[in-house]
Amino acid sequence: MSNIPENLRYSKDHEWVLVDGETASIGITDYAQNSLGDVVYIDLPRVGDKFGVHESFGSVESVKAVSEIFTPVAGEVTEVNDGLNDTPEKVNSDPYGDAWFMKVKMENPGEVDAMLSAVEYEEYLSSQG
Amino acid sequence: MLARAVNGRDIDMEAKMTPDNELKKTPLNQAHRDLGGKMVDFGGWEMPVQYTAGVIEEHMRTRTAAGLFDVSHMGEIWVEGSDAIPFVNRITTNDVTKLVDGQAHYSALTNEKGGVVDDLLVYRFGPEKLLLVVNAGTTDKDWAWITSHKADCDIVLTNASADYCQIAVQGPKALSILQGLTDVNLSEIKYYWFTTGRVDGVEAIISRTGYTGEDGFEIYAAPEYAEQLWNKLLETGGYGGGPDGMLPAGLAARNTLRLESGMSLYGHELSDEIIPLEAGLGWITKLQKGDFIGRDALAARKEAGIERKLVGFEMIDKGIARDGFDVYINDENAGIVTSASPAPYLKKNIGLAFVPAEFANIGQEIKIDVRGKQLAAKIVPTPFYKREK
(Lines give C-alpha, C1' and ligand atoms only; values in the text may rest on other atoms or scores of the structure.)
Protein backbone atom coordinates (compact mmCIF):
# COMPACT_ATOMS: atom_id res chain seq x y z
CA MET A 1 0.00 0.00 0.00
CA SER A 2 1.33 3.41 -0.92
CA ASN A 3 2.20 5.99 1.67
CA ILE A 4 0.09 9.13 1.04
CA PRO A 5 0.64 11.95 3.58
CA GLU A 6 -2.48 14.00 4.32
CA ASN A 7 -0.77 17.40 4.29
CA LEU A 8 0.19 17.25 0.60
CA ARG A 9 -1.71 17.73 -2.66
CA TYR A 10 -1.29 15.36 -5.59
CA SER A 11 -1.40 15.26 -9.39
CA LYS A 12 -2.62 12.41 -11.57
CA ASP A 13 0.94 12.33 -12.94
CA HIS A 14 2.05 11.27 -9.42
CA GLU A 15 3.75 14.48 -8.33
CA TRP A 16 3.13 15.96 -4.88
CA VAL A 17 3.11 19.56 -3.74
CA LEU A 18 3.75 20.98 -0.27
CA VAL A 19 2.52 24.56 0.05
CA ASP A 20 4.23 27.11 2.29
CA GLY A 21 2.79 30.56 1.57
CA GLU A 22 3.52 31.33 -2.08
CA THR A 23 6.14 28.61 -2.30
CA ALA A 24 5.42 25.09 -3.45
CA SER A 25 7.87 22.19 -2.93
CA ILE A 26 7.45 19.53 -5.61
CA GLY A 27 8.42 15.86 -5.67
CA ILE A 28 7.14 12.47 -6.81
CA THR A 29 4.95 10.14 -4.80
CA ASP A 30 5.70 6.88 -3.06
CA TYR A 31 3.59 5.13 -5.70
CA ALA A 32 5.71 6.72 -8.44
CA GLN A 33 9.06 5.77 -6.92
CA ASN A 34 7.82 2.23 -6.33
CA SER A 35 6.67 1.92 -9.94
CA LEU A 36 9.96 3.25 -11.27
CA GLY A 37 12.20 1.05 -9.14
CA ASP A 38 15.76 2.01 -8.19
CA VAL A 39 16.26 5.67 -9.15
CA VAL A 40 19.75 6.40 -10.47
CA TYR A 41 19.59 9.83 -12.07
CA ILE A 42 17.50 12.98 -11.90
CA ASP A 43 17.61 15.80 -14.41
CA LEU A 44 16.63 18.96 -12.52
CA PRO A 45 15.95 22.51 -13.77
CA ARG A 46 17.93 25.61 -12.73
CA VAL A 47 17.02 28.32 -10.26
CA GLY A 48 15.29 31.10 -12.19
CA ASP A 49 13.69 28.79 -14.78
CA LYS A 50 10.01 29.53 -15.31
CA PHE A 51 7.40 26.89 -16.03
CA GLY A 52 3.74 26.93 -16.92
CA VAL A 53 1.41 24.39 -15.44
CA HIS A 54 1.79 20.78 -16.71
CA GLU A 55 5.13 21.53 -18.33
CA SER A 56 7.98 19.04 -18.28
CA PHE A 57 10.61 20.34 -15.85
CA GLY A 58 12.97 17.39 -15.82
CA SER A 59 13.19 13.63 -15.74
CA VAL A 60 13.72 10.78 -13.32
CA GLU A 61 15.64 7.72 -14.47
CA SER A 62 15.60 4.32 -12.84
CA VAL A 63 17.64 1.34 -13.99
CA LYS A 64 14.77 0.27 -16.22
CA ALA A 65 12.97 3.40 -17.32
CA VAL A 66 12.97 7.14 -17.72
CA SER A 67 9.98 9.32 -16.91
CA GLU A 68 9.43 12.99 -17.46
CA ILE A 69 8.21 15.02 -14.52
CA PHE A 70 5.59 17.73 -14.92
CA THR A 71 4.83 20.90 -12.99
CA PRO A 72 1.51 20.64 -11.17
CA VAL A 73 1.61 24.42 -10.65
CA ALA A 74 3.10 27.31 -12.65
CA GLY A 75 5.92 29.42 -11.26
CA GLU A 76 9.56 30.38 -11.05
CA VAL A 77 12.14 27.98 -9.60
CA THR A 78 13.59 29.40 -6.37
CA GLU A 79 15.55 26.37 -5.20
CA VAL A 80 16.55 22.95 -6.56
CA ASN A 81 17.58 19.96 -4.49
CA ASP A 82 21.12 19.52 -5.88
CA GLY A 83 21.85 16.92 -3.22
CA LEU A 84 19.84 14.44 -5.26
CA ASN A 85 22.62 14.38 -7.87
CA ASP A 86 24.77 12.42 -5.44
CA THR A 87 22.00 10.50 -3.68
CA PRO A 88 19.25 9.80 -6.20
CA GLU A 89 18.31 6.71 -4.16
CA LYS A 90 16.68 9.08 -1.64
CA VAL A 91 13.78 9.31 -4.08
CA ASN A 92 13.13 5.67 -3.24
CA SER A 93 13.79 5.82 0.49
CA ASP A 94 12.24 9.17 1.39
CA PRO A 95 10.08 10.46 -1.49
CA TYR A 96 8.17 12.99 0.65
CA GLY A 97 11.05 14.19 2.80
CA ASP A 98 14.65 14.64 1.66
CA ALA A 99 13.79 13.92 -1.95
CA TRP A 100 11.87 17.04 -2.92
CA PHE A 101 12.97 18.11 -6.41
CA MET A 102 12.46 21.87 -6.47
CA LYS A 103 10.68 24.80 -4.92
CA VAL A 104 8.77 27.29 -7.04
CA LYS A 105 7.25 30.67 -6.33
CA MET A 106 3.72 30.07 -7.55
CA GLU A 107 2.20 32.37 -10.13
CA ASN A 108 -1.30 31.30 -9.25
CA PRO A 109 -1.60 29.57 -5.86
CA GLY A 110 -5.21 28.75 -6.77
CA GLU A 111 -3.86 25.97 -9.00
CA VAL A 112 -3.20 23.92 -5.87
CA ASP A 113 -6.94 23.76 -5.20
CA ALA A 114 -7.42 21.92 -8.46
CA MET A 115 -5.04 19.17 -7.29
CA LEU A 116 -6.10 15.98 -5.54
CA SER A 117 -6.30 15.63 -1.77
CA ALA A 118 -4.70 12.59 -0.12
CA VAL A 119 -8.08 10.84 -0.04
CA GLU A 120 -8.78 11.66 -3.68
CA TYR A 121 -5.32 10.53 -4.74
CA GLU A 122 -5.75 7.24 -2.91
CA GLU A 123 -9.09 6.73 -4.68
CA TYR A 124 -7.45 7.61 -7.97
CA LEU A 125 -4.73 4.99 -7.40
CA SER A 126 -7.26 2.27 -6.56
CA SER A 127 -9.30 3.15 -9.66
CA GLN A 128 -6.16 2.56 -11.73
CA GLY A 129 -6.01 -1.02 -10.53
CA MET B 1 4.89 11.15 -15.00
CA LEU B 2 4.61 7.42 -15.51
CA ALA B 3 2.61 7.89 -18.67
CA ARG B 4 5.78 8.84 -20.47
CA ALA B 5 8.05 5.89 -19.71
CA VAL B 6 10.02 5.38 -22.90
CA ASN B 7 12.06 2.29 -22.32
CA GLY B 8 12.74 -0.90 -24.22
CA ARG B 9 10.30 -3.01 -26.01
CA ASP B 10 9.87 -6.00 -23.81
CA ILE B 11 10.92 -5.53 -20.22
CA ASP B 12 9.10 -2.25 -19.87
CA MET B 13 7.44 -2.00 -16.49
CA GLU B 14 4.38 -0.22 -17.79
CA ALA B 15 4.00 -2.24 -20.97
CA LYS B 16 0.70 -4.06 -21.30
CA MET B 17 0.54 -5.81 -24.61
CA THR B 18 -1.43 -8.92 -23.74
CA PRO B 19 -4.67 -8.87 -21.75
CA ASP B 20 -3.93 -10.15 -18.23
CA ASN B 21 -6.16 -13.22 -18.53
CA GLU B 22 -4.31 -14.38 -21.66
CA LEU B 23 -0.83 -14.14 -20.17
CA LYS B 24 1.06 -17.41 -19.90
CA LYS B 25 2.29 -18.30 -16.43
CA THR B 26 5.26 -20.38 -15.32
CA PRO B 27 4.78 -22.94 -12.52
CA LEU B 28 6.49 -20.42 -10.21
CA ASN B 29 3.94 -17.63 -10.72
CA GLN B 30 2.55 -17.88 -7.20
CA ALA B 31 6.03 -18.25 -5.70
CA HIS B 32 7.02 -14.93 -7.32
CA ARG B 33 3.94 -13.22 -5.91
CA ASP B 34 4.66 -14.62 -2.45
CA LEU B 35 8.16 -13.13 -2.68
CA GLY B 36 6.77 -9.70 -3.60
CA GLY B 37 7.65 -10.02 -7.27
CA LYS B 38 6.39 -7.17 -9.45
CA MET B 39 4.74 -9.03 -12.32
CA VAL B 40 4.89 -7.73 -15.88
CA ASP B 41 4.04 -8.87 -19.38
CA PHE B 42 7.21 -10.21 -20.99
CA GLY B 43 6.47 -11.34 -24.54
CA GLY B 44 3.13 -12.79 -23.50
CA TRP B 45 4.46 -14.30 -20.25
CA GLU B 46 3.65 -12.93 -16.82
CA MET B 47 7.07 -12.70 -15.20
CA PRO B 48 8.65 -10.90 -12.21
CA VAL B 49 10.59 -7.82 -13.32
CA GLN B 50 11.98 -7.47 -9.80
CA TYR B 51 11.32 -8.51 -6.21
CA THR B 52 11.33 -6.43 -3.04
CA ALA B 53 15.13 -6.00 -2.95
CA GLY B 54 15.08 -4.15 -6.28
CA VAL B 55 17.08 -4.50 -9.46
CA ILE B 56 20.35 -3.03 -8.17
CA GLU B 57 20.53 -5.28 -5.13
CA GLU B 58 19.47 -8.35 -7.13
CA HIS B 59 22.15 -7.58 -9.70
CA MET B 60 24.87 -6.99 -7.11
CA ARG B 61 23.98 -10.08 -5.12
CA THR B 62 24.29 -12.22 -8.25
CA ARG B 63 27.80 -10.82 -8.77
CA THR B 64 28.89 -11.21 -5.15
CA ALA B 65 26.93 -14.23 -3.83
CA ALA B 66 24.08 -15.82 -5.78
CA GLY B 67 20.89 -14.99 -7.64
CA LEU B 68 18.00 -17.32 -8.46
CA PHE B 69 16.13 -16.86 -11.75
CA ASP B 70 12.94 -18.44 -13.06
CA VAL B 71 13.56 -19.05 -16.76
CA SER B 72 10.79 -21.60 -17.19
CA HIS B 73 9.35 -19.53 -20.03
CA MET B 74 12.21 -20.62 -22.30
CA GLY B 75 11.29 -23.18 -24.98
CA GLU B 76 12.62 -26.74 -25.20
CA ILE B 77 12.56 -28.71 -28.44
CA TRP B 78 13.80 -32.30 -28.75
CA VAL B 79 15.32 -33.54 -31.99
CA GLU B 80 15.61 -37.33 -32.01
CA GLY B 81 16.50 -39.83 -34.73
CA SER B 82 19.35 -40.92 -36.97
CA ASP B 83 19.39 -37.54 -38.78
CA ALA B 84 19.35 -35.45 -35.59
CA ILE B 85 22.90 -34.12 -35.96
CA PRO B 86 22.83 -33.41 -39.73
CA PHE B 87 19.39 -31.80 -39.37
CA VAL B 88 20.39 -29.40 -36.58
CA ASN B 89 23.66 -28.73 -38.39
CA ARG B 90 21.63 -27.64 -41.44
CA ILE B 91 19.37 -25.22 -39.54
CA THR B 92 21.98 -23.66 -37.20
CA THR B 93 25.24 -21.78 -37.67
CA ASN B 94 27.54 -23.52 -35.18
CA ASP B 95 29.11 -26.91 -35.95
CA VAL B 96 27.01 -29.58 -34.24
CA THR B 97 29.42 -32.35 -35.35
CA LYS B 98 31.97 -30.92 -32.89
CA LEU B 99 29.72 -31.60 -29.89
CA VAL B 100 30.15 -34.77 -27.86
CA ASP B 101 27.67 -36.37 -25.47
CA GLY B 102 27.13 -34.13 -22.44
CA GLN B 103 28.30 -30.98 -24.21
CA ALA B 104 26.34 -27.90 -25.27
CA HIS B 105 27.01 -24.85 -27.40
CA TYR B 106 25.56 -21.46 -28.25
CA SER B 107 24.25 -21.14 -31.78
CA ALA B 108 21.82 -19.36 -34.08
CA LEU B 109 18.94 -20.43 -36.31
CA THR B 110 19.30 -18.46 -39.53
CA ASN B 111 16.98 -17.77 -42.44
CA GLU B 112 17.90 -17.88 -46.17
CA LYS B 113 19.27 -14.33 -45.98
CA GLY B 114 21.41 -15.17 -42.98
CA GLY B 115 19.15 -13.22 -40.61
CA VAL B 116 18.73 -14.65 -37.12
CA VAL B 117 15.44 -16.50 -36.54
CA ASP B 118 16.55 -17.02 -32.94
CA ASP B 119 19.63 -17.63 -30.83
CA LEU B 120 19.67 -20.86 -28.85
CA LEU B 121 21.56 -23.51 -26.95
CA VAL B 122 22.10 -26.95 -28.51
CA TYR B 123 22.62 -29.84 -26.05
CA ARG B 124 23.93 -33.21 -27.23
CA PHE B 125 22.45 -36.07 -25.18
CA GLY B 126 23.51 -38.70 -27.69
CA PRO B 127 24.34 -39.17 -31.37
CA GLU B 128 20.63 -39.32 -32.12
CA LYS B 129 19.29 -37.01 -29.43
CA LEU B 130 19.67 -33.23 -29.23
CA LEU B 131 17.84 -30.63 -27.15
CA LEU B 132 17.33 -27.10 -28.46
CA VAL B 133 16.63 -24.41 -25.87
CA VAL B 134 15.12 -21.33 -27.47
CA ASN B 135 13.78 -17.95 -26.37
CA ALA B 136 10.33 -17.70 -24.81
CA GLY B 137 8.89 -15.06 -27.13
CA THR B 138 10.08 -16.90 -30.24
CA THR B 139 9.25 -20.49 -29.29
CA ASP B 140 6.16 -20.68 -31.55
CA LYS B 141 7.99 -19.03 -34.44
CA ASP B 142 11.01 -21.34 -34.00
CA TRP B 143 8.81 -24.42 -33.80
CA ALA B 144 7.08 -23.45 -37.07
CA TRP B 145 10.44 -22.72 -38.70
CA ILE B 146 12.09 -25.93 -37.54
CA THR B 147 9.18 -28.23 -38.42
CA SER B 148 8.86 -26.60 -41.86
CA HIS B 149 12.46 -27.62 -42.65
CA LYS B 150 12.15 -31.22 -41.50
CA ALA B 151 11.56 -32.48 -45.07
CA ASP B 152 12.31 -36.21 -45.22
CA CYS B 153 14.86 -36.24 -42.41
CA ASP B 154 14.68 -39.28 -40.13
CA ILE B 155 13.89 -37.34 -36.98
CA VAL B 156 11.11 -36.85 -34.49
CA LEU B 157 10.57 -33.27 -33.31
CA THR B 158 8.91 -32.63 -29.96
CA ASN B 159 7.98 -29.24 -28.56
CA ALA B 160 8.52 -30.06 -24.89
CA SER B 161 8.35 -26.48 -23.60
CA ALA B 162 5.46 -27.26 -21.25
CA ASP B 163 7.25 -30.33 -19.86
CA TYR B 164 10.00 -28.37 -18.13
CA CYS B 165 10.54 -25.71 -15.58
CA GLN B 166 13.94 -24.06 -15.79
CA ILE B 167 15.67 -22.45 -12.83
CA ALA B 168 19.03 -20.67 -13.08
CA VAL B 169 21.34 -20.51 -10.07
CA GLN B 170 24.00 -17.90 -10.82
CA GLY B 171 26.88 -16.31 -8.97
CA PRO B 172 30.14 -17.19 -7.20
CA LYS B 173 28.24 -19.21 -4.59
CA ALA B 174 26.05 -21.06 -7.11
CA LEU B 175 28.15 -24.22 -7.09
CA SER B 176 28.36 -24.59 -3.33
CA ILE B 177 24.63 -23.90 -2.90
CA LEU B 178 23.54 -26.38 -5.55
CA GLN B 179 26.08 -28.95 -4.36
CA GLY B 180 24.19 -29.10 -1.07
CA LEU B 181 21.21 -30.53 -2.93
CA THR B 182 22.77 -33.09 -5.26
CA ASP B 183 25.13 -36.06 -5.31
CA VAL B 184 26.39 -35.08 -8.75
CA ASN B 185 29.93 -33.75 -8.42
CA LEU B 186 29.26 -30.30 -9.86
CA SER B 187 32.88 -29.21 -10.04
CA GLU B 188 33.44 -31.94 -12.63
CA ILE B 189 30.94 -30.31 -15.00
CA LYS B 190 32.86 -27.91 -17.22
CA TYR B 191 31.46 -24.65 -18.55
CA TYR B 192 28.94 -25.42 -21.31
CA TRP B 193 28.69 -29.07 -20.32
CA PHE B 194 25.77 -30.75 -18.60
CA THR B 195 24.64 -33.96 -16.97
CA THR B 196 21.48 -35.54 -15.66
CA GLY B 197 21.02 -36.27 -11.99
CA ARG B 198 18.88 -35.61 -8.96
CA VAL B 199 18.49 -32.24 -7.28
CA ASP B 200 16.71 -32.52 -3.93
CA GLY B 201 15.57 -35.95 -5.10
CA VAL B 202 14.08 -34.58 -8.32
CA GLU B 203 15.27 -35.86 -11.69
CA ALA B 204 16.87 -32.95 -13.54
CA ILE B 205 19.16 -31.79 -16.31
CA ILE B 206 22.00 -29.84 -14.71
CA SER B 207 23.77 -27.53 -17.14
CA ARG B 208 26.74 -25.29 -16.35
CA THR B 209 25.48 -22.36 -18.36
CA GLY B 210 23.89 -18.98 -17.75
CA TYR B 211 23.12 -15.49 -18.93
CA THR B 212 24.73 -13.37 -16.23
CA GLY B 213 28.49 -13.51 -16.81
CA GLU B 214 28.89 -15.47 -13.56
CA ASP B 215 29.58 -19.12 -12.90
CA GLY B 216 26.35 -20.99 -12.41
CA PHE B 217 23.92 -23.68 -13.41
CA GLU B 218 20.63 -23.99 -15.20
CA ILE B 219 18.37 -26.76 -13.93
CA TYR B 220 15.61 -28.33 -16.02
CA ALA B 221 12.98 -30.45 -14.30
CA ALA B 222 9.32 -31.45 -14.54
CA PRO B 223 7.11 -28.41 -13.78
CA GLU B 224 5.37 -30.05 -10.82
CA TYR B 225 8.69 -29.90 -8.93
CA ALA B 226 9.35 -26.23 -9.74
CA GLU B 227 8.17 -24.83 -6.40
CA GLN B 228 9.98 -27.50 -4.40
CA LEU B 229 13.28 -26.80 -6.19
CA TRP B 230 12.84 -23.03 -6.08
CA ASN B 231 12.07 -22.94 -2.36
CA LYS B 232 14.79 -25.44 -1.50
CA LEU B 233 17.37 -23.46 -3.46
CA LEU B 234 16.39 -20.20 -1.73
CA GLU B 235 16.57 -21.89 1.65
CA THR B 236 19.93 -23.55 0.94
CA GLY B 237 21.20 -20.27 -0.51
CA GLY B 238 20.44 -18.40 2.70
CA TYR B 239 17.67 -16.18 1.38
CA GLY B 240 16.69 -13.69 4.06
CA GLY B 241 19.85 -14.42 6.02
CA GLY B 242 21.72 -11.21 5.35
CA PRO B 243 23.99 -9.68 2.71
CA ASP B 244 25.68 -12.96 1.72
CA GLY B 245 22.41 -14.77 1.13
CA MET B 246 20.93 -15.69 -2.21
CA LEU B 247 18.26 -13.41 -3.67
CA PRO B 248 15.59 -14.20 -6.23
CA ALA B 249 16.33 -11.97 -9.22
CA GLY B 250 13.87 -10.68 -11.80
CA LEU B 251 13.98 -9.87 -15.49
CA ALA B 252 15.39 -6.39 -14.90
CA ALA B 253 18.49 -7.78 -13.17
CA ARG B 254 18.73 -10.56 -15.74
CA ASN B 255 18.88 -7.86 -18.41
CA THR B 256 21.49 -5.66 -16.72
CA LEU B 257 23.62 -8.70 -15.87
CA ARG B 258 23.63 -9.96 -19.45
CA LEU B 259 24.29 -6.46 -20.77
CA GLU B 260 27.32 -5.93 -18.49
CA SER B 261 28.55 -9.30 -19.78
CA GLY B 262 28.08 -8.17 -23.39
CA MET B 263 25.58 -10.88 -24.29
CA SER B 264 22.93 -10.44 -26.97
CA LEU B 265 19.19 -10.34 -26.35
CA TYR B 266 16.96 -11.50 -29.18
CA GLY B 267 14.82 -8.65 -30.49
CA HIS B 268 17.56 -6.17 -29.57
CA GLU B 269 21.00 -7.20 -30.87
CA LEU B 270 19.54 -10.02 -32.99
CA SER B 271 16.55 -10.26 -35.30
CA ASP B 272 15.38 -11.74 -38.59
CA GLU B 273 17.05 -8.79 -40.32
CA ILE B 274 20.35 -8.88 -38.42
CA ILE B 275 23.04 -11.38 -39.45
CA PRO B 276 25.30 -12.96 -36.82
CA LEU B 277 28.42 -11.57 -38.51
CA GLU B 278 27.42 -7.97 -37.76
CA ALA B 279 26.28 -8.82 -34.23
CA GLY B 280 29.70 -10.09 -33.14
CA LEU B 281 28.70 -13.74 -33.51
CA GLY B 282 31.27 -14.74 -36.13
CA TRP B 283 32.58 -17.20 -33.53
CA ILE B 284 29.42 -19.31 -33.80
CA THR B 285 29.09 -18.91 -37.58
CA LYS B 286 31.01 -21.81 -39.09
CA LEU B 287 30.95 -21.07 -42.81
CA GLN B 288 33.40 -23.91 -43.48
CA LYS B 289 31.32 -26.66 -41.84
CA GLY B 290 29.28 -27.41 -44.97
CA ASP B 291 25.95 -26.17 -46.18
CA PHE B 292 23.35 -24.72 -43.83
CA ILE B 293 20.36 -22.40 -44.26
CA GLY B 294 21.70 -18.92 -44.93
CA ARG B 295 25.30 -20.03 -45.45
CA ASP B 296 25.62 -18.71 -49.01
CA ALA B 297 24.10 -15.37 -48.08
CA LEU B 298 26.41 -15.07 -45.07
CA ALA B 299 29.47 -16.02 -47.13
CA ALA B 300 28.55 -13.39 -49.72
CA ARG B 301 28.02 -10.72 -47.04
CA LYS B 302 31.37 -11.57 -45.51
CA GLU B 303 33.08 -11.41 -48.92
CA ALA B 304 31.51 -8.02 -49.64
CA GLY B 305 32.57 -6.70 -46.23
CA ILE B 306 30.31 -6.32 -43.21
CA GLU B 307 28.97 -2.76 -43.29
CA ARG B 308 27.94 -2.27 -39.67
CA LYS B 309 29.07 -3.80 -36.43
CA LEU B 310 27.78 -4.14 -32.93
CA VAL B 311 29.95 -2.27 -30.42
CA GLY B 312 29.91 -1.58 -26.72
CA PHE B 313 29.94 2.02 -25.51
CA GLU B 314 29.99 3.90 -22.26
CA MET B 315 28.65 7.37 -21.68
CA ILE B 316 31.19 10.16 -21.15
CA ASP B 317 28.61 12.89 -20.53
CA LYS B 318 26.17 12.58 -17.68
CA GLY B 319 23.06 10.89 -18.98
CA ILE B 320 21.65 7.48 -19.73
CA ALA B 321 21.29 5.94 -23.17
CA ARG B 322 18.28 3.69 -23.78
CA ASP B 323 17.25 1.11 -26.35
CA GLY B 324 16.40 2.63 -29.70
CA PHE B 325 18.25 5.94 -29.28
CA ASP B 326 20.08 7.26 -32.36
CA VAL B 327 23.87 7.27 -32.64
CA TYR B 328 25.62 10.24 -34.27
CA ILE B 329 29.16 10.28 -35.59
CA ASN B 330 30.59 13.46 -37.16
CA ASP B 331 27.13 15.05 -36.94
CA GLU B 332 25.54 12.31 -39.01
CA ASN B 333 22.94 9.81 -37.88
CA ALA B 334 25.15 6.73 -38.06
CA GLY B 335 23.50 3.99 -36.07
CA ILE B 336 21.19 2.86 -33.32
CA VAL B 337 21.41 1.75 -29.70
CA THR B 338 20.16 -1.84 -29.32
CA SER B 339 20.36 -2.14 -25.51
CA ALA B 340 21.50 0.38 -22.93
CA SER B 341 21.17 0.90 -19.21
CA PRO B 342 22.89 2.02 -16.08
CA ALA B 343 25.28 -0.84 -15.16
CA PRO B 344 24.81 -1.51 -11.44
CA TYR B 345 28.11 -3.32 -10.81
CA LEU B 346 30.32 -1.15 -13.03
CA LYS B 347 28.49 2.02 -11.98
CA LYS B 348 28.66 3.38 -15.50
CA ASN B 349 26.02 4.02 -18.13
CA ILE B 350 26.68 1.50 -20.88
CA GLY B 351 25.11 0.15 -24.02
CA LEU B 352 25.42 -1.81 -27.25
CA ALA B 353 24.92 -0.14 -30.63
CA PHE B 354 25.26 -0.76 -34.33
CA VAL B 355 27.70 1.64 -36.03
CA PRO B 356 29.32 1.67 -39.49
CA ALA B 357 32.26 -0.76 -39.55
CA GLU B 358 34.74 2.06 -40.30
CA PHE B 359 33.94 3.63 -36.92
CA ALA B 360 33.77 0.40 -34.93
CA ASN B 361 37.06 1.00 -33.13
CA ILE B 362 37.89 1.07 -29.43
CA GLY B 363 38.17 4.68 -28.28
CA GLN B 364 36.06 6.12 -31.10
CA GLU B 365 33.89 8.94 -29.77
CA ILE B 366 30.22 8.82 -30.64
CA LYS B 367 27.18 10.87 -29.69
CA ILE B 368 23.95 9.43 -28.37
CA ASP B 369 20.76 11.42 -28.94
CA VAL B 370 19.18 11.42 -25.49
CA ARG B 371 15.77 13.01 -26.00
CA GLY B 372 17.12 15.75 -28.24
CA LYS B 373 20.46 16.28 -26.47
CA GLN B 374 23.56 14.83 -28.14
CA LEU B 375 25.62 13.36 -25.33
CA ALA B 376 29.21 12.10 -25.72
CA ALA B 377 30.06 8.42 -25.40
CA LYS B 378 32.98 6.29 -26.47
CA ILE B 379 33.38 2.81 -27.88
CA VAL B 380 34.88 0.39 -25.34
CA PRO B 381 35.76 -3.33 -25.42
CA THR B 382 33.12 -5.94 -24.58
CA PRO B 383 32.33 -7.69 -22.38
CA PHE B 384 32.10 -4.62 -20.15
CA TYR B 385 32.37 -6.95 -17.17
CA LYS B 386 34.39 -10.14 -16.94
CA ARG B 387 34.47 -12.21 -13.78
CA GLU B 388 37.77 -13.27 -12.25
CA LYS B 389 38.28 -16.99 -12.62
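The values are calculated or read from the model by the stated rules, or taken from the named source; none is laboratory data. Small disclaimer: the values here were computed from a predicted structure and weren't measured. Glycine also receives a Cβ, built like all others from the backbone with ideal geometry; neighbour counts cover every protein chain displayed. Protein only, heavy atoms only, side chains kept; ligands, DNA and RNA dropped before computing areas. Shrake-Rupley method; radii C 1.70, N 1.55, O 1.52, S 1.80 Å.
Here is how the numbers come out for the structure above:
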| quantity | calculated |
| --- | --- |
| Solvent-accessible area, 1.4 Å probe, carbon plus sulfur percent, for the range A:33-129 | 42 percent |
| Area of B:ASP101 that stays accessible when all protein chains are in place (1.4 Å probe, Å², to 10) | 80 Å² |
| The range B:84-138: relative contact order as a whole-number percent, Cα under 8 Å and 6+ apart | 30 percent |
| DSSP-assigned coil residues among trypsin sites (Lys or Arg not before Pro) in the range B:312-387, each with at most 15 further Cβ atoms within 10 Å | B:LYS318, B:LYS347, B:ARG371, B:LYS386, B:ARG387 |
| 1.4 Å probe accessible area per residue over the range B:220-295, in Å² | 36 Å² |
| Over chain B: helical MRE at 222 nm, DSSP H runs n ≥ 4 each giving -39500 (n - 2.57), nearest 500 | -5000 deg cm²/dmol |
| Listed residue (B:ALA299, B:ALA249, B:THR195) projecting farthest to the positive dipole end of the range B:195-308, Cβ model | B:ALA299 |
| Fraction of alpha-carbon pairs over 36 Å apart in chain B - percent | 23 percent |
| Area hidden from solvent between A and B (accessible, protein heavy atoms only, 1.4 Å, total, Å²) | 2200 Å² |
| Average accessible area per residue (Å²) across chain A - probe 1.4 Å, nucleic acids and ligands excluded | 45 Å² |
| Residue-by-residue Karplus 3J(HN,Hα) for the range A:107-112, coefficients 6.51, -1.76, 1.60, Hz, glycine and proline x | 6, 9, x, x, 4, 4 |
| With all protein chains modelled, accessible area of B:TRP145 [1.4 Å, Å²] | 50 Å² |
| Kirkwood Rh, angstrom, the range B:75-162 [1 / mean 1/r, Cα pairs] | 12.7 Å |
| Accessible surface, 1.4 Å probe, highest first, among residues B:CYS165, B:CYS153 | B:CYS153, B:CYS165 |
| Normalised contact order of the range B:307-380, rounded percent, pairs of Cα under 8 Å and 6 or more residues apart | 41 percent |
| Hypothetical label at B:GLN288: residues of the range B:88-109 whose amide nitrogen lies under 17 Å (7 Å Cα-Cβ projection) | B:93-99 |
| Förster radius 56 Å - calculated FRET efficiency between A:SER126 and B:TYR191, Cβ distance, rounded to 0.05 | 0.65 |
| Net charge dipole size for chain A [Lys, Arg +1 and Asp, Glu -1 on Cβ; Debye, nearest 20] | 140 debye |
| Accessible area (Å², per residue) of the range B:321-364, counting only protein heavy atoms and a probe of 1.4 Å | 42 Å² |
| Value in Å of the Kirkwood radius, where chain A supplies the Cα pairs that are averaged | 14.5 Å |
| Carbon + sulfur, % of accessible area of the range B:234-287 - ligands and nucleic acids excluded, 1.4 Å | 53 percent |
| Share of carbon and sulfur in the accessible heavy-atom surface of the range B:75-162 [1.4 Å probe, %] | 54 percent |
| Given charges at beta-carbon only (K, R positive; D, E negative), |dipole| of the protein assembly as shown in Debye | 1580 debye |
| Whole-number D in µm²/s for the protein assembly as shown (Stokes-Einstein; Kirkwood sum over Cα pairs; 37 °C, 0.692 mPa s) | 133 µm²/s |
| Taking chain B and dividing mean pair separation by its residue count, relative contact order in percent (alpha carbons under 8 Å, at least six apart) | 17 percent |
| Gain upon complete extension [B:ILE362, B:ALA151; 0.36 nm per residue less C-alpha separation] | 71.4 nm |
| For the range A:23-47 and the range B:162-184, distance of Cα centres in Å | 39 Å |
